[in-house]
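Have a look at the structure below, then the notes.
Just so it is clear, none of the values below were taken in a lab; they were calculated from the coordinates. Given the structure is predicted, the values throughout are model-derived calculations rather than measurements. FYI the Cβ positions are ideal-geometry reconstructions off the backbone, even for glycines, and counts take in every protein chain you see.
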Amino acid sequence: MEGLVKMIAEMGIPFAYDHFAEGESPEPPFLCYLLPGSDNFAADGKVYHKGASVHLEIYTDKKDPELEEQVEDVLDAYEVFYNKSETWISSERLYEVLYIFGWEA
């Protein structure tokens with residue numbers, strides 16, 4: 001997963017795996033990423049290529065299309081196929097933009 005962390009670092013936004021420790025969360029914008037499952041390629045009953053499903057979450061206090069474009073430019077440079085969704089988290093007063101993609105392990 002070294003390559004994944006390198007790619008995320010190129011986005012130029014503070015990031016952490018899953019969440020920041022209590023009291024250590026930076027001011028928005030920031031990223032969190034997690035690997036909630038596998039995204040393996042299999043044939044003939046065995047795994048040929050191991051991969052992970054990646055959730056990359058951008059948190060902002062206001063809609064920021066330029067930041068999303070910055071993140072997408074990095075994903076595009078790495079030729080990552082992603083799906084994107086967005087939600088408002090009222091309890092946190094933050095927008096979450098979620099990118100879901102596979103990453104070869």
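As an exercise, use a Förster radius of 30 Å and the Cβ-Cβ distance of Lys63 and Ala21 to find the FRET efficiency, rounded to the nearest 0.05.
In this case the efficiency is close to 0.65.
Which distance in nm do the two modelled labels at Ser90 and Met1 give, with both placed 7 Å along the Cα-to-Cβ direction?
Result: 3.3 nm between the two label points.
Which of Tyr48, Ile100, Ser38 sits closest to the plus end of the dipole of the chain, meaning its Cα is farthest towards the positive end, when Lys and Arg get +1 and Asp and Glu get -1 on the C-beta?
The one lying farthest along the dipole's positive direction is Tyr48.
Evaluate 2.2 N^0.38 Å with N set to the residue count of region 15-70, then give the Cα radius of gyration divided by it.
1.58
Which aspartates and glutamates does Lys63 reach when only Cα atoms under 18 Å apart count, and residues fewer than 8 places away in its own chain are ignored?
By straight Cα distance, Lys63 reaches Glu27, Glu72, Asp73, Glu86, Glu92, Glu96.
Tell me, Val80, Val54 in order of fewest to most beta-carbon neighbours within 10 Å?
Final ranking by Cβ density, sparse to dense: Val80, Val54.
Say the cut-off is 24 Å between C-alpha atoms; which of Lys46/Lys84; Lys62/Lys84; Lys6/Lys84 go over it?
Checking Cα-Cα distances, Lys46/Lys84 exceed 24 Å.
Between Ser38 and Val74, what FRET efficiency follows from the Cβ-Cβ distance if R0 is 22 Å, with the result rounded to 0.05?
After rounding, the FRET efficiency stands at 0.40.
Once you compute Rg and the Kirkwood Rh from C-alpha atoms, what is the Rg to Rh ratio for the chain?
With Rg and the Kirkwood Rh in hand, the quotient comes to 1.01.
If you filter region 22-66 for trypsin sites (Lys or Arg not before Pro), then keep DSSP loop positions with at most 10 other Cβ within 10 Å, what is left?
Taking region 22-66 and a limit of 10 other Cβ atoms within 10 Å, the loop trypsin sites (Lys or Arg not before Pro) found are Lys62.
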